[in-house]
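Presented below is the structure to which this report refers.
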Amino acid sequence: MDRRNFVKLAAAAALTPRLAFGLAAPGAGYRNLLVLIELKGGNDGLNTLVPYADPAYHALRPKLAIARDRVVQLSESVGLHPALEPLAALWKRRELAVLQGVGYPDPNLSHFRSIEIWDTASKSDEYLQEGWLTRTFGVAPTPKEFAADGVIVGSPDLGPLAGGGTRAIALATTEQFLRQARLAVPEGKATNKALQHILKVEGDILQAASHLKADYALSTEFPEGPFGNAIKTASQVIANRAGVAVVRVTLPGFDTHSGQAATQARLLGELAGGVTALRSALLELGRWNDTLVLSYAEFGRRPKENLSGGTDHGTSSVHFVLGGRVAGGLYGEQPALDRLSGDGNPAHAIDFRSVYATVLERWWGISSAGPLGGRFATLPILRA
């Protein structure tokens, strides 16, 4: 890649600059790390946390329902998909919280619009330009010595870090980013605003690269494949002493309109393997107790299976919270499968903005009212 193309990519997607590295007193809580795992495409919550004791579940899914003797039982009524068996150890340690029925009022079933709602923490009829983390770092900047506010691994989409005013690095691997960063050499001055922006981005890339190293040797073994590599890269980023506040990793492929059984089993197996490897790396780095791992997706799937062996776009879903200070257990409510809406979806039990409010208020010690545009109840998913 030549210098011109690298600068174009960086300006468009790799890094959105802030005018200075920390314009105000940093939030003390940013030493607590947030790791976001996006389940892109909309994961099916009912076959993730399986209500195996509910007759309505089996009636709605004569082919896709997972039998009672196959699930990893968490209670007398629900259990995990068998591919998530590696998470059973975290459940027993009370380091895994399972959030049931996460969604929002007046849900939108478009991939593009719904993930925009999740990324910006907007109302369903409200259009915001900045991600919820961008707004957070705007009112409570991260420490100036951090390598970046956040790092996006394996995707050019900045998601909750989108919009001006935040330092967000998008990379495939730390080695590749540092190698390409050598191409970013600011030259001269410019009066043209577009060129000024490009030169500023180049300067910020160099500044970020000077804080980011890729030579930490981890003994943890990571799964093979793109997601395992992404988790390895995330772990390398976390190993840097300069620090970041948030890392996001994406696992794509959950839009299972057909052939869901095999596809979801594979993806959930990748998720479980990646998460357990991440925990091992964080323990190795001494950071498991100050890291919060949170899954999210644009929506879930409909309870009723379709004729193609899959499920269509739905509303609320199941999400995971993991970490050494997580108060493990079940939160929210099981979907009422005998009381579905006119379009065949259950009501949500937890507003996703309550999850974000918990991150801001209880994990980082930041008022959530500004970044989230109002107050949302926090969840008791963290230990002191």
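The values are calculated or read from the model by the stated rules, or taken from the named source; none is laboratory data. Remember, predicted model here, so these are calculated numbers, not experimental data. With ideal geometry, Cβ positions are generated from the backbone for all residues, glycine too; neighbour counts draw on all protein chains shown. Note: accessible area is taken over every heavy atom of the protein model, side chains too, but ligands, DNA and RNA are not part of it. Shrake-Rupley method; radii C 1.70, N 1.55, O 1.52, S 1.80 Å.
Key figures
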{"read-out": "Tally of residues being part of a helix (DSSP H, G or I) and not polar (S, T, N, Q) across segment 244-288", "value": "22"}
{"read-out": "Unique match (being in contact with a Pro (Cβ under 6 Å, 6 or more places away or on another chain), assigned by TED's automatic domain parsing to the domain that holds Ser110 and over 20 Å from Ile231 (Cβ atoms)) among Thr311, Thr315, Thr276", "value": "Thr315"}
{"read-out": "Yes/no for Ser367 being part of a helix (DSSP H, G or I) and either open to solvent by 20 Å² or more (accessible area, probe 1.4 Å) or farther than 26 Å from Ala89 by Cα (or both)", "value": "no"}
{"read-out": "The one condition in (1) buried (at least 23 other Cβ atoms within 10 Å of the Cβ); (2) in a loop (DSSP other than H, G, I, E, B); (3) among the hydroxyl-bearing types (Ser, Thr, Tyr) that Thr233 fails to fulfil", "value": "(2)"}
{"read-out": "Test: residue in segment 147-157 that is under 28 Å from Thr256 (Cβ atoms), open to solvent by less than 10 Å² (accessible area, probe 1.4 Å), touching a residue at least 24 places away in the same chain (Cβ under 8 Å) and in the same structural domain as Val355 (by TED's automatic domain parsing)", "value": "yes"}
{"read-out": "Every residue from segment 253-285 that is under 16 Å from Leu33 (Cβ atoms) and free of Cβ contacts under 8 Å to residues at least 40 places away in the same chain", "value": "Leu283"}
{"read-out": "Some residue of segment 330-339 being in contact with an Asp or Glu (Cβ under 9 Å, 6 or more places away or on another chain) and of a type in the set (S, T, N, Q)", "value": "yes"}
{"read-out": "Single residue of segment 301-344 satisfying the filter (outside any loop (DSSP other than H, G, I, E, B) and among the hydrophobic types (A, V, I, L, M, F, W, C)) that is surrounded by the most Cβ atoms within 10 Å (Cβ to Cβ)", "value": "Val318"}
